[in-house]
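One structure is given below, encoded as structure tokens.
Where a number appears in this text, it was derived from the coordinates with a stated rule and is not lab data. As the structure is a computational prediction, the values presented were derived from the model and not from experiment. For neighbour counting, all protein chains shown are included, and Cβ atoms are generated from backbone atoms with ideal geometry for every residue, glycine included.
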Amino acid sequence: MFPRPIQTLSPASQRLYKIALPVMLILWLLPLLGVAMTSVRPSSDLASGNYFGIPSRLAFENYLTVFRNTELEKYLLNSFKVTIPTVIGAVALSCLTGFALAIYKFKANLILFFMFVAGNFVPFQILMVPVRDLTVNMGLYNSITGLALFHIAFQTGFCTLFMRNFIKALPFELIEAARVEGVSEWQIFRHVVMPLMRPAIAALSVLIFTFIWNDYFWATVLTTGADTQPITAGLNSLNGQWIAAWHLVSAGSILAALPPVLMFFMMQRHFIAGLTLGAVK
Amino acid sequence: MPEAPAIPATHAPRPRRSRRALAPWLFLAPGLAMFLIYVIIPIFQSMWVSFYDWDGLSDATWVGMANYVELMDDEAFYVSLKNNVIWLVLYMLAVPAGLMIALFLNQTVRGIRIYKSLFFFPFVISQVVVGLIFSWFYAPDFGLLYKLIEGLTGQSVAILADERLVTYGIIAAGLWPQIAYCMILYLTGLNAVAPDQIEAARLDGAKGWKMLWYVVLPQLRPATFIAIVVTVIGALRSFDLVSIMTSGGPFGSSRVLSYYMYEQALSEYGYRMGYGAAIAVVLFGIMMIFISGFIWKMWRDEKGVR
């Protein structure tokens, strides 16, 4: 193991390490802790210049104010409405594409695979004008469907990379054996490969959930207004309205961050597998 | 595949072989169609649009290279390009910084899993929230960092309002989640480092930096590769933070190409789709240099596997 396990060092260094851990963590999360604390600070504290001291009391009503005075719950709901179908759509499509690229040998295989990989890396701006135009022409501009459709298509690139590498690592003998038995290709996909893909599906779902939840660029390009915009774009426009009301901005930020954070904590192992498995085989 | 039976299956509507040639295309069809329509074709359409003068509504007029000629003389374009280079260079700090934190956390003490997760936190939250957090951190008069600098030096500076500092301030905000990302890649990589090699090197007297450089880092190469890929792409894609923290200001000094493109094509500054597309094509060209490099490496690895 590298670095040398701390247990083999002197008790003094061990103690030092145990102190350094929380200190480093607090420094690392300082901006976030500051915001969390501001979100429960009563506005009177801010007015009297108490920005960093202990809040005079815990003002959880800031969160209520945010909900009461804004359309935050609409934005949050929109985020779910965009994110969940995207996760389902992109994962479903990439199970199919990943299977095709991992199992079959055909001429265009590698070219198509690298097309998905490269497409996943391009700058969003090169897609912006045509995608916006296409969405407008389909009558889907400023609709949740329009935004989700684009996300599904774009995320298919990354998901295909991930699924293809995962399926490729499965024992190929399983598929050969099934073929010898005369099982059809669709049945092989459905009953031989799919059951083995559960961990990949879980990992990818968590990851795509966070990606889409946190998307801001496409939300501003394809939607406008509280009826369709997700929380990221909503938060930005609320920030414009709440000049200097940092206790409200903070409460809103915490609320916007919460769903992906909870997701991460619940599905931690899958999440981390997702980040690395797709690219390292 | 073993060559199978001599007796053809008479009841089969089509021979298996041709069915198997068709199968991958059927599996690919829906995903590929979506990807072509929304990603691949728009790339070429953007290139096409960049030769037009178009406001997005009325008829477009062909202007040839005029948009690109205009770019050559556009002060704001060069500012954005310069900032993109700064982003790219400074963002690379995330890779060694992530490695350092990963090494710091690569121990087995009580509760280390929680520590690792909490260190990873900044990556999970949206860049919009990160941008707001840092705007607050930098805010003049009451921001935590502002107060710290004031306490240390007697006078402070409003980072986001200072033309010379603003880009660095935004990059620092961007580094926060990016370091967390690189850290987790390295933590996973460190799990896979072969313990016997470390022990062998240790018996040979290797330790500290030498051990890291000659024994550990070569084994971490896959993690380093992905860390570099995601960092380069992340740096050149930077948009959210610039938009949230400064909207490109003050006086356009914190613009990057992605933001300048958006500003030209789709904001109160006007709807110059053609000009915006030309900026996007330049950014695309820059990114393609890196993307081709990555693809070339992955391609070689693929061939090596066979």
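Please report, in debye to the nearest 20, how large the charge dipole of the protein assembly as shown is about its Cα centre when each Lys and Arg carries +1 at its beta carbon and each Asp and Glu carries -1 there.
Numbers: 40 positive and 31 negative charges, 507 e Å.
The dipole of the protein assembly as shown has a size of about 2440 debye.
In whole Å, what is the distance between the alpha-carbon centres of the stretch B:267-306 and the stretch B:244-265?
What the calculation gives is 20 Å, centre to centre.
Ratio to report: Rg/Rh of the stretch B:48-145, with Cα atoms as the point set and Rh obtained by the Kirkwood method; give two decimals. Numbers along the way, then the final one.
On the way: Rg = 22.4 Å, Rh = 18.6 Å.
Taking Rg over the Kirkwood Rh, I get 1.21.
Considering only DSSP states other than H, G, I, E and B, which trypsin sites (Lys or Arg not before Pro) in the stretch A:1-83 qualify as loop sites with at most 13 other Cβ atoms within 10 Å?
Values: sites: A:Arg15, A:Lys18, A:Arg57, A:Arg68, A:Lys74, A:Lys81; in loops: A:Arg57.
Sparse-neighbourhood loop trypsin sites (Lys or Arg not before Pro): A:Arg57.
Once label points are set 7 Å from the Cα along Cα→Cβ at both B:Leu212 and B:Phe44, what is their separation, rounded to one decimal in nm?
Result for the modelled spin labels: 4.9 nm.
Over the Cα atoms of the stretch B:236-295, what Rg and Dmax result, in angstrom?
In Å, with Rg to one decimal and Dmax whole: 12.4, 38.
Which one, B:Ala180, B:Ala94, B:Ala139, has the greatest fluctuation when you compute a Gaussian network model over chain B with C-alpha springs under 10 angstrom?
Result for chain B, Cα springs under 10 Å: B:Ala139 fluctuates most.
According to the Kirkwood expression over distinct Cα-Cα pairs, how big is the hydrodynamic radius of the stretch B:74-305, in Å? Don't skip to the end; give the middle numbers.
On the way: mean 1/r = 0.0503 Å⁻¹.
Final number for the Kirkwood radius of the stretch B:74-305 is 19.9 Å.
Can you tell me, using C-alpha contacts under 8 Å and at least 6 residues apart, the relative contact order of the stretch B:147-305 as a whole percent? It would help to have the intermediate numbers written out before the result.
Working: 111 pairs, mean separation 30.9, N = 159.
Worked out over the stretch B:147-305, it gives 19 percent.
Based on DSSP H assignment, which helices of chain A show an axial Cα extent of at least 18 Å together with a mean Kyte-Doolittle hydropathy greater than or equal to -1.0?
A:11-28, A:72-103, A:125-137, A:144-168, A:198-213, A:246-266
For peptide B:246-252, what's the mean number of Cβ atoms from other chains within 10 Å of each residue's Cβ? Mind dumping the intermediate values first?
Numbers: counts 0, 1, 0, 0, 0, 0, 0.
So the per-residue partner count for this stretch is 0.
At a Förster distance of 51 Å, what's the computed FRET efficiency of B:Arg164 paired with A:Leu33, Cβ-Cβ distance as r, to 0.05?
Working: r = 29 Å, r/R0 = 0.57.
That pair, B:Arg164 with A:Leu33, gives E of 0.95.
Among A:Leu222, A:Leu147, A:Leu27, which one moves the most in a GNM of chain A with springs linking Cα atoms closer than 10 Å?
Most flexible of the set in this elastic network: A:Leu27.
Please say if the stretch A:86-162 is rounded, prolate or oblate, where rounded means a/c under 1.5 for a ≥ b ≥ c the square roots of the C-alpha gyration tensor eigenvalues, and otherwise the choice is prolate for a/b larger than b/c and oblate otherwise?
Numbers: a/c = 2.65, a/b = 1.79, b/c = 1.48.
The shape class here is prolate.
I need the semi-axes of the equivalent ellipsoid of the stretch A:120-161: take the C-alpha gyration tensor, multiply each eigenvalue by 5, square-root it, list largest first in whole angstrom. Intermediate results must be reported in sequence, preceding the final value.
Details: eigenvalues 75, 33, 8 Å².
In descending order, the three semi-axes are 19, 13, 6 Å.
According to the square roots a ≥ b ≥ c of the eigenvalues of the Cα gyration tensor, what is the shape class of the stretch B:200-306, taking rounded for a/c under 1.5, prolate for a/b larger than b/c otherwise, and oblate for the remainder?
Values: a/c = 5.34, a/b = 2.11, b/c = 2.53.
Oblate is the answer for the stretch B:200-306, as a/c is 1.5 or above yet b/c matches or exceeds a/b.
May I have the pair-distance distribution P(r) for the stretch A:145-261, computed from all Cα-Cα distances with 5 Å bins from 0 and rounded to whole percent?
2, 9, 15, 14, 14, 11, 9, 8, 6, 5, 3, 2, 1, 0, 0
The stretch A:1-107: which GluC sites (Glu not before Pro) are DSSP loop and have at most 11 other beta-carbon atoms within 10 angstrom?
Working: sites: A:Glu61, A:Glu71, A:Glu73; in loops: A:Glu71.
Answer by residue number: there is no such site.
Quick one: Cα centre-to-centre distance for the stretch B:153-194 and the stretch A:107-127, in angstrom?
The two parts, judged by their Cα centres, are 29 Å apart.
Quick one: plug the Kirkwood hydrodynamic radius of the stretch B:46-99 (C-alpha pairs) into Stokes-Einstein at 25 °C, 0.890 mPa s, and report D in µm²/s.
Taking Rh from Cα pairs, D becomes 177 µm²/s.
Gain in length, B:Phe104 to B:Asp53, computed as 0.36 nm per residue apart minus the alpha-carbon separation, to one decimal in nm?
On the way: separation 51, 0.36 × 51 = 18.36 nm, distance 5.44 nm.
Roughly 12.9 nm would be gained on extension.
Per-residue Cβ counts within 10 Å, from other chains only, averaged over B:111-123: what number is that? Walk me through the numbers on the way to the answer.
Numbers: counts 3, 2, 2, 2, 5, 2, 6, 7, 5, 5, 8, 4, 6.
Other-chain Cβ atoms within 10 Å of each residue's Cβ, averaged: 4.
Looking only at A:Pro123, A:Pro230, A:Pro22, which one moves most when chain A is put into a Gaussian network model with springs between Cα atoms under 10 Å?
Ranking A:Pro123, A:Pro230, A:Pro22 by mean-square fluctuation puts A:Pro22 first.
Let me know the charge dipole size of the stretch B:74-305 about its Cα centre in debye, to the nearest 20, where only the beta-carbon of Lys, Arg (+1) and Asp, Glu (-1) is charged.
720
Suppose a student asked you for the relative contact order of the stretch A:1-132, using Cα pairs under 8 Å spaced at least 6 residues apart; what percent would you report? Don't jump to the answer; show the numbers that get you there.
Numbers: 38 pairs, mean separation 14.6, N = 132.
About 11 percent, as a whole number.
For q = 0.05, 0.06, 0.10, 0.11 Å⁻¹, what log10 I(q)/I(0) does the protein assembly as shown give under the Debye formula with an equal point scatterer on each alpha carbon and no solvent?
For the protein assembly as shown at q = 0.05, 0.06, 0.10, 0.11 Å⁻¹, log10 I(q)/I(0) is -0.24, -0.35, -0.95, -1.13.
Hey, rough spin-label estimate for A:Met266 and B:Gln219, points 7 angstrom out along Cα→Cβ, what's it come to in nanometres?
Taking the simple label geometry, A:Met266 and B:Gln219 are separated by 3.7 nm.
Counting helices only, and only those DSSP H runs with n ≥ 4, report the 222 nm mean residue ellipticity of chain A as the sum of -39,500 (n - 2.57) divided by its residues, in deg cm²/dmol to the nearest 500. It would help to have the intermediate numbers written out before the result.
On the way: 14 runs with 195 residues, N = 281.
Theoretical 222 nm ellipticity from helices: -22500 deg cm²/dmol.
If contacts are Cα pairs under 8 angstrom and at least 6 residues apart, what is the relative contact order of chain B in percent? Working shown, then result.
Details: 319 pairs, mean separation 81.7, N = 306.
Value for chain B: 27 percent.
Within a 10 angstrom radius of each residue's Cβ in A:93-106, how many Cβ atoms of other chains show up on average? Whole number is fine.
Numbers: counts 9, 2, 2, 8, 9, 3, 4, 9, 4, 1, 4, 7, 2, 6.
Per residue, the average neighbour count from other chains is 5.
At a 10 angstrom cut-off on C-beta neighbours, averaged per residue, how do the peptides B:150-159, B:237-246 rank from highest to lowest? Before the final figure, lay out the partial values.
Details: B:150-159: 13.1, B:237-246: 23.6.
Output ranking for B:150-159, B:237-246: B:237-246, B:150-159.
By how many nm would the segment from A:Gln14 to A:Leu77 lengthen if fully extended, with 0.36 nm per residue of separation less the alpha-carbon distance?
Values: separation 63, 0.36 × 63 = 22.68 nm, distance 4.74 nm.
Separation in residues times 0.36 nm, less the Cα-Cα distance, equals 17.9 nm.
Work from the charge dipole of the stretch A:60-164 (Cβ charges, +1 for Lys and Arg, -1 for Asp and Glu, about the Cα centre) and give the residue of A:Leu77, A:Ala148, A:Phe162 farthest towards its positive end.
A:Phe162
Hey, what number do you get for chain B at 222 nm if only DSSP H runs of n ≥ 4 count, each worth -39500 (n - 2.57), divided across all residues, to the nearest 500?
On the way: 15 runs with 205 residues, N = 306.
Calculated mean residue ellipticity at 222 nm is -21500 deg cm²/dmol.
Please list B:31-42, A:166-177 highest first by mean number of surrounding beta-carbon atoms within 10 Å per residue. Intermediate values should be presented prior to the final figure.
Working: B:31-42: 20.6, A:166-177: 14.8.
Order by mean packing, descending: B:31-42, A:166-177.
What number in nm² do you get for the stretch A:70-277 if you take the convex hull of its Cα atoms and divide its surface by four? Don't jump to the answer; show the numbers that get you there.
Details: hull surface 53.3 nm².
For the stretch A:70-277, the mean projected area of the Cα convex hull comes to 13.3 nm².
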